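Read through the structure below, which is laid out as C-alpha coordinates, and then see the notes.
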(Lines give C-alpha, C1' and ligand atoms only; values in the text may rest on other atoms or scores of the structure.)
Protein backbone atom coordinates (compact mmCIF):
# COMPACT_ATOMS: atom_id res chain seq x y z
CA UNK A 1 0.00 0.00 0.00
CA UNK A 2 0.98 3.61 -0.61
CA UNK A 3 -0.26 7.09 0.33
CA UNK A 4 0.21 8.97 -2.94
CA UNK A 5 2.78 11.29 -1.37
CA UNK A 6 5.72 11.31 -3.78
CA UNK A 7 9.11 11.09 -2.05
CA UNK A 8 11.39 11.37 -5.07
CA UNK A 9 11.52 12.04 -8.78
CA UNK A 10 13.77 9.46 -10.37
CA UNK A 11 15.20 9.12 -13.86
CA UNK A 12 15.12 6.12 -16.18
CA UNK A 13 18.75 5.00 -16.50
CA UNK A 14 18.36 1.91 -18.67
CA UNK A 15 15.69 -0.26 -20.31
CA UNK A 16 16.30 -3.94 -21.09
CA UNK A 17 13.59 -5.69 -23.15
CA UNK A 18 13.00 -9.39 -22.45
CA UNK A 19 10.47 -10.57 -25.03
CA UNK A 20 7.20 -8.91 -24.07
CA UNK A 21 8.57 -7.90 -20.65
CA UNK A 22 10.92 -5.11 -19.68
CA UNK A 23 13.51 -4.60 -16.96
CA UNK A 24 13.91 -0.92 -16.11
CA UNK A 25 16.69 0.62 -14.05
CA UNK A 26 15.78 3.84 -12.27
CA UNK A 27 18.23 6.32 -10.73
CA UNK A 28 16.86 7.65 -7.46
CA UNK A 29 17.78 11.13 -6.28
CA UNK A 30 16.45 11.68 -2.74
CA UNK A 31 15.28 8.14 -2.05
CA UNK A 32 17.93 6.21 -0.12
CA UNK A 33 18.64 2.87 -1.75
CA UNK A 34 20.35 1.80 1.48
CA UNK A 35 16.84 1.51 2.93
CA UNK A 36 15.66 -0.71 0.07
CA UNK A 37 16.17 -4.39 -0.66
CA UNK A 38 15.08 -6.84 -3.33
CA UNK A 39 11.47 -7.86 -2.94
CA UNK A 40 10.34 -4.45 -1.70
CA UNK A 41 7.41 -2.77 -3.42
CA UNK A 42 7.86 0.66 -4.94
CA UNK A 43 5.37 2.79 -6.87
CA UNK A 44 6.71 4.14 -10.16
CA UNK A 45 4.30 6.70 -11.63
CA UNK A 46 1.67 5.10 -9.43
CA UNK A 47 2.32 1.51 -10.54
CA UNK A 48 3.22 -0.93 -7.77
CA UNK A 49 6.39 -2.78 -8.86
CA UNK A 50 8.83 -5.14 -7.16
CA UNK A 51 12.42 -4.06 -6.71
CA UNK A 52 14.53 -6.89 -8.15
CA UNK A 53 18.07 -5.47 -8.22
CA UNK A 54 20.20 -2.60 -6.97
CA UNK A 55 23.28 -1.62 -8.99
CA UNK A 56 25.33 1.49 -9.75
CA UNK A 57 23.09 3.84 -7.75
CA UNK A 58 19.96 2.60 -9.53
CA UNK A 59 17.32 0.03 -8.77
CA UNK A 60 15.82 -2.43 -11.22
CA UNK A 61 12.17 -3.45 -11.61
CA UNK A 62 10.64 -6.00 -13.96
CA UNK A 63 7.51 -4.90 -15.82
CA UNK A 64 5.29 -7.56 -17.36
CA UNK A 65 3.69 -7.27 -20.77
CA UNK A 66 0.29 -6.99 -19.04
CA UNK A 67 1.42 -3.98 -16.99
CA UNK A 68 3.03 -2.38 -20.04
CA UNK A 69 -0.24 -2.76 -21.97
CA UNK A 70 -2.50 -1.05 -19.41
CA UNK A 71 -0.26 1.73 -18.02
CA UNK A 72 1.98 4.47 -19.42
CA UNK A 73 5.16 2.61 -18.42
CA UNK A 74 5.58 1.21 -21.94
CA UNK A 75 6.27 4.76 -23.17
CA UNK A 76 9.24 5.33 -20.85
CA UNK A 77 12.62 6.09 -22.41
CA UNK A 78 16.10 6.59 -21.01
CA UNK A 79 16.06 10.00 -19.32
CA UNK A 80 12.29 9.98 -18.60
CA UNK A 81 11.44 11.36 -15.17
CA UNK A 82 9.19 9.28 -12.91
CA UNK A 83 7.41 9.76 -9.57
CA UNK A 84 8.67 7.39 -6.85
CA UNK A 85 7.09 6.28 -3.58
CA UNK A 86 8.28 3.35 -1.46
CA UNK A 87 5.64 1.14 0.16
CA UNK A 88 4.14 2.06 3.52
CA UNK A 89 5.83 0.93 6.70
CA UNK A 90 4.28 0.86 10.20
CA UNK A 91 5.88 4.27 10.88
CA UNK A 92 4.85 6.01 7.63
CA UNK A 93 2.68 9.10 8.06
CA UNK A 94 -0.61 8.66 6.18
CA UNK A 95 -0.59 12.06 4.48
CA UNK A 96 -2.51 11.27 1.28
CA UNK A 97 -5.09 8.50 0.93
CA UNK A 98 -4.94 4.70 0.69
CA UNK A 99 -3.41 3.88 -2.71
CA UNK A 100 -2.96 0.32 -3.94
CA UNK A 101 -0.64 0.99 -6.88
CA UNK A 102 -2.99 -1.01 -9.11
CA UNK A 103 -3.65 1.32 -12.03
CA UNK A 104 -7.24 1.34 -13.27
CA UNK A 105 -6.60 3.00 -16.61
CA UNK A 106 -4.82 5.70 -18.56
CA UNK A 107 -6.15 9.26 -18.65
CA UNK A 108 -5.18 12.24 -20.77
CA UNK A 109 -4.45 15.88 -19.94
CA UNK A 110 -6.93 18.10 -21.77
CA UNK A 111 -5.84 21.55 -20.58
CA UNK A 112 -4.08 23.49 -17.85
CA UNK A 113 -4.26 27.09 -16.70
CA UNK A 114 -2.80 29.16 -13.91
CA UNK A 115 -5.12 30.09 -11.04
CA UNK A 116 -3.33 32.24 -8.51
CA UNK A 117 -0.26 30.28 -7.39
CA UNK A 118 -1.70 26.91 -8.42
CA UNK A 119 -2.41 25.39 -11.81
CA UNK A 120 -5.75 23.79 -12.68
CA UNK A 121 -5.31 20.60 -14.72
CA UNK A 122 -8.29 19.15 -16.61
CA UNK A 123 -8.06 15.44 -17.40
CA UNK A 124 -10.23 12.99 -19.34
CA UNK A 125 -10.72 9.57 -17.80
CA UNK A 126 -11.76 6.41 -19.65
CA UNK A 127 -15.57 6.36 -19.74
CA UNK A 128 -15.80 3.17 -17.66
CA UNK A 129 -13.87 4.83 -14.80
CA UNK A 130 -15.71 8.16 -14.75
CA UNK A 131 -18.42 6.78 -12.44
CA UNK A 132 -15.82 6.32 -9.68
CA UNK A 133 -14.65 9.96 -9.77
CA UNK A 134 -16.54 12.37 -7.50
CA UNK A 135 -16.14 16.06 -6.63
CA UNK A 136 -14.01 16.42 -3.48
CA UNK A 137 -13.14 12.72 -3.70
CA UNK A 138 -9.63 11.29 -3.92
CA UNK A 139 -7.82 10.24 -7.09
CA UNK A 140 -4.27 9.13 -7.84
CA UNK A 141 -2.55 10.46 -10.98
CA UNK A 142 0.88 9.00 -11.81
CA UNK A 143 1.07 8.05 -8.13
CA UNK A 144 0.14 11.49 -6.75
CA UNK A 145 -2.75 11.63 -4.26
CA UNK A 146 -5.06 14.49 -5.24
CA UNK A 147 -8.50 15.90 -4.48
CA UNK A 148 -10.93 16.21 -7.38
CA UNK A 149 -12.41 19.71 -7.80
CA UNK A 150 -15.17 19.16 -10.34
CA UNK A 151 -16.46 16.39 -12.60
CA UNK A 152 -18.15 16.87 -15.99
CA UNK A 153 -19.03 13.53 -17.59
CA UNK A 154 -15.65 11.83 -18.09
CA UNK A 155 -13.59 14.98 -17.43
CA UNK A 156 -12.38 16.13 -14.03
CA UNK A 157 -10.03 18.79 -12.72
CA UNK A 158 -7.49 19.12 -9.93
CA UNK A 159 -5.40 22.04 -8.71
CA UNK A 160 -1.65 21.54 -8.34
CA UNK A 161 0.13 23.74 -5.81
CA UNK A 162 3.72 24.95 -6.34
CA UNK A 163 5.17 22.33 -3.94
CA UNK A 164 3.57 19.48 -5.91
CA UNK A 165 4.75 20.98 -9.21
CA UNK A 166 8.31 21.08 -7.86
CA UNK A 167 8.36 17.65 -6.20
CA UNK A 168 6.64 15.55 -8.91
CA UNK A 169 6.61 15.22 -12.70
CA UNK A 170 3.50 17.40 -13.08
CA UNK A 171 5.74 20.15 -14.49
CA UNK A 172 6.48 17.83 -17.45
CA UNK A 173 2.84 17.51 -18.55
CA UNK A 174 1.43 19.22 -21.64
CA UNK A 175 -2.02 18.80 -23.20
CA UNK A 176 -2.17 15.30 -24.63
CA UNK A 177 0.12 13.81 -21.94
CA UNK A 178 -1.03 10.38 -20.78
CA UNK A 179 -1.20 9.59 -17.06
CA UNK A 180 -1.75 6.49 -14.95
CA UNK A 181 -5.04 6.81 -13.11
CA UNK A 182 -6.14 4.97 -9.97
CA UNK A 183 -9.62 5.69 -8.65
CA UNK A 184 -10.37 5.77 -4.95
CA UNK A 185 -10.41 2.23 -3.56
CA UNK A 186 -13.52 2.95 -1.45
CA UNK A 187 -15.46 4.19 -4.50
CA UNK A 188 -14.60 0.97 -6.30
CA UNK A 189 -15.89 -1.24 -3.48
CA UNK A 190 -19.05 0.83 -2.90
CA UNK A 191 -19.91 0.61 -6.60
CA UNK A 192 -19.40 -3.16 -6.50
CA UNK A 193 -21.61 -3.54 -3.41
CA UNK A 194 -24.53 -1.63 -4.93
CA UNK A 195 -24.21 -3.26 -8.33
CA UNK A 196 -27.32 -5.22 -9.23
CA UNK A 197 -26.97 -8.94 -9.95
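The values are calculated or read from the model by the stated rules, or taken from the named source; none is laboratory data. The structure presented is a predicted model; accordingly, all values stated were derived computationally and were not measured. Here the Cβ positions follow ideal geometry from the backbone for every residue, glycine too, while neighbour counts run over all protein chains shown.
Can you find a residue in region 45-56 that is in a strand (DSSP E or B), outside the structural domain of residue 139 (by TED's automatic domain parsing), within 24 Å of residue 171 (Cα to Cα) and modelled with pLDDT under 95? No: region 45-56 contains no residue that is in a strand (DSSP E or B), outside the structural domain of residue 139 (by TED's automatic domain parsing), within 24 Å of residue 171 (Cα to Cα) and modelled with pLDDT under 95.
Can you give me the number of residues within region 101-117 that are part of a loop (DSSP other than H, G, I, E, B) and crowded, with 16+ Cβ neighbours inside 10 Å? It would help to see each step written out before you state the result.
Filtering region 101-117 for residues part of a loop (DSSP other than H, G, I, E, B) gives 101-104, 116-117.
Keeping just the survivors that are crowded, with 16+ Cβ neighbours inside 10 Å gives 101, 103-104.
Total meeting the criteria: 3.
Contact annotation: residue pairs with Cβ atoms under 6 Å, 6 or more positions apart or on different chains, pairing a residue in region 37-58 that is more than 20 Å from residue 106 (Cβ to Cβ) with a partner that is at pLDDT below 95 and assigned to a loop (DSSP other than H, G, I, E, B), are 41/87; 51/36; 51/38; 51/40; 52/38.
Would you call residue 68 surrounded by fewer than 21 Cβ atoms within 10 Å (Cβ to Cβ) and in a helix (DSSP H, G or I)? Spell out the reasoning first.
Working: surrounded by fewer than 21 Cβ atoms within 10 Å (Cβ to Cβ): yes; in a helix (DSSP H, G or I): yes.
When the stated conditions are applied, residue 68 passes them.
Applying the condition of being surrounded by fewer than 19 Cβ atoms within 10 Å (Cβ to Cβ) and touching a residue at least 40 places away in the same chain (Cβ under 8 Å) to region 20-30 and asking which residue is nearest to residue 49 (Cα to Cα) yields 23. Of all the residues in region 147-172, those that are part of a strand (DSSP E or B), in contact with a helix residue (DSSP H, G or I) (Cβ under 8 Å, 6 or more places away or on another chain) and farther than 15 Å from residue 108 by Cα number 1.
Looking across region 173-185, the residues that are outside any strand (DSSP E or B) and out of contact with any strand residue (DSSP E or B) (no Cβ under 6 Å at 6 or more places or on another chain) come down to 174, 176, 185. For residue 109, are the conditions met, namely being in the same structural domain as residue 174 (by TED's automatic domain parsing) and closer than 14 Å to residue 181 by Cα? Yes.
Only residues that are free of Cβ contacts under 8 Å to residues at least 40 places away in the same chain, touching a strand residue (DSSP E or B) at 6+ places or on another chain (Cβ under 8 Å), surrounded by fewer than 16 Cβ atoms within 10 Å (Cβ to Cβ) and over 24 Å from residue 44 (Cβ atoms): list them for region 129-163, please. Of everything in region 129-163, those that are free of Cβ contacts under 8 Å to residues at least 40 places away in the same chain, touching a strand residue (DSSP E or B) at 6+ places or on another chain (Cβ under 8 Å), surrounded by fewer than 16 Cβ atoms within 10 Å (Cβ to Cβ) and over 24 Å from residue 44 (Cβ atoms) turn out to be 135, 136, 149, 150. Counting the residues of region 71-89 that are closer than 15 Å to residue 41 by Cα and surrounded by 19 or more Cβ atoms within 10 Å (Cβ to Cβ) gives 4.
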